[in-house]
Amino acid sequence: MLDAQCRRRGGARYRFATKAVSLGRPVDPQARAKKLTRALRAAKASGADHVVITGDLTEVGDRAEFEHFADVLEDAKMPEGSVSLVPGNHDAYTSGSAWRRALEGPLHRFAAASAAEPGKIVDRGPVAFLPIDTTCFQSILSSGGLFTPEAARAVTSRIDDPALRDKAIVVVMHHPPFDQHRNPIAQWIDGLRGCAHVLDILAKHPRVQILHGHMHRVVDRIVKLGKARIFGAPAIVDDGDAPRVRLYDVRDGALESAGLFAM
């Protein structure tokens, strides 16, 4: 997501950065905004009562990009508390404080249900979302994330909270919590450092589920022999004329995929 104001202000440096992080693919801000609008309409049409967007909300985390993204959410008339946002690696390329400033500024209306301090709970009846920020300020040549010991302790503390005993616990983060590259160097550049913390939590607590982004495709994994599941969804920017949103239900205290909905 970006707009003409942002491109004008950044000039050649901004255009180079956005082209680099998009791997040379054409970046059409208006087309991407329309795809997001259609995806939000599809989510509403499906009857979803909570929307989760798992990061890469912008190209490089510039304030004007966050403003453009916020405008689309506002135009879609998304109610406060009905949208959980987590940042992706693209949202942290401008500065280490870009996400915090976005939540305090253009995204303030959606901050209550979005990633901030580790351990935040978004209680939605039978399910409790824990949005986690796995991003770190880094070069545009890197796209990895970090799940810190602090985040692991915070998530574990929430799992042990008696008030959440009967709820499905859904950790929402951008980076997938498993090795997605066979090459260890590629995994360091593009993977999640500290993913062992996440997998350990899932192995010990089967009612904890993961929703992640980053991979631009559907992911549906079961952790060992338990109920713990790891889910990923397609990227909105990759959709054609029929935007897809991935739907989930909660059954028997666990998240369950209800497939893709398109319109």
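The values are calculated or read from the model by the stated rules, or taken from the named source; none is laboratory data. These figures come from a predicted structure and were not determined experimentally. Neighbour counts run over all protein chains shown; Cβ positions are idealised from the backbone, glycine included.
A few remarks follow.
- In the set (1) under 24 Å from D133 (Cβ atoms); (2) of a type outside the set (D, E); (3) modelled with pLDDT under 95, V52 fails one condition alone, (3).
- Out of A116, A128, A112, sole residue that is within 29 Å of G253 (Cβ to Cβ), assigned to a loop (DSSP other than H, G, I, E, B), in contact (Cβ under 8 Å) with a residue 12 or more places away in the chain and in contact with a strand residue (DSSP E or B) (Cβ under 9 Å, 6 or more places away or on another chain): A116
- Residue ID - surrounded by the most Cβ atoms within 10 Å (Cβ to Cβ), chosen from residues in the range 243-263 that are part of a loop (DSSP other than H, G, I, E, B) and either without any contact (Cβ under 8 Å) to a residue 24 or more places away in the chain or over 18 Å from the mean Cα position of the chain (by Cα) (or both): G253
- A64 vs. criteria under 17 Å from P234 (Cα atoms) and of a type outside the set (V, I, T): no
- Of all residues in the range 40-59 being farther than 15 Å from V172 by Cα and surrounded by 24 or more Cβ atoms within 10 Å (Cβ to Cβ), the one that is nearest to the chain's Cα centre (by Cα): T58
- All positions within the range 217-235 that are surrounded by 15 or more Cβ atoms within 10 Å (Cβ to Cβ) and at pLDDT 90 or above: V219, R229, I230, F231, G232, A233, P234, A235
- Tallying residues that are without any contact (Cβ under 8 Å) to a residue 60 or more places away in the chain, of a type in the set (D, E, K, R) and touching a helix residue (DSSP H, G or I) at 6+ places or on another chain (Cβ under 8 Å) within the range 208-242 yields 1.
Let's see how each residue does on (1) among the basic types (K, R); (2) modelled with pLDDT of 90 or more:
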| position | (1), (2) |
| --- | --- |
| K167 | yes, yes |
| Q180 | no, no |
| N183 | no, no |
| I189 | no, yes |
| R193 | yes, yes |
| A196 | no, yes |
| I201 | no, yes |
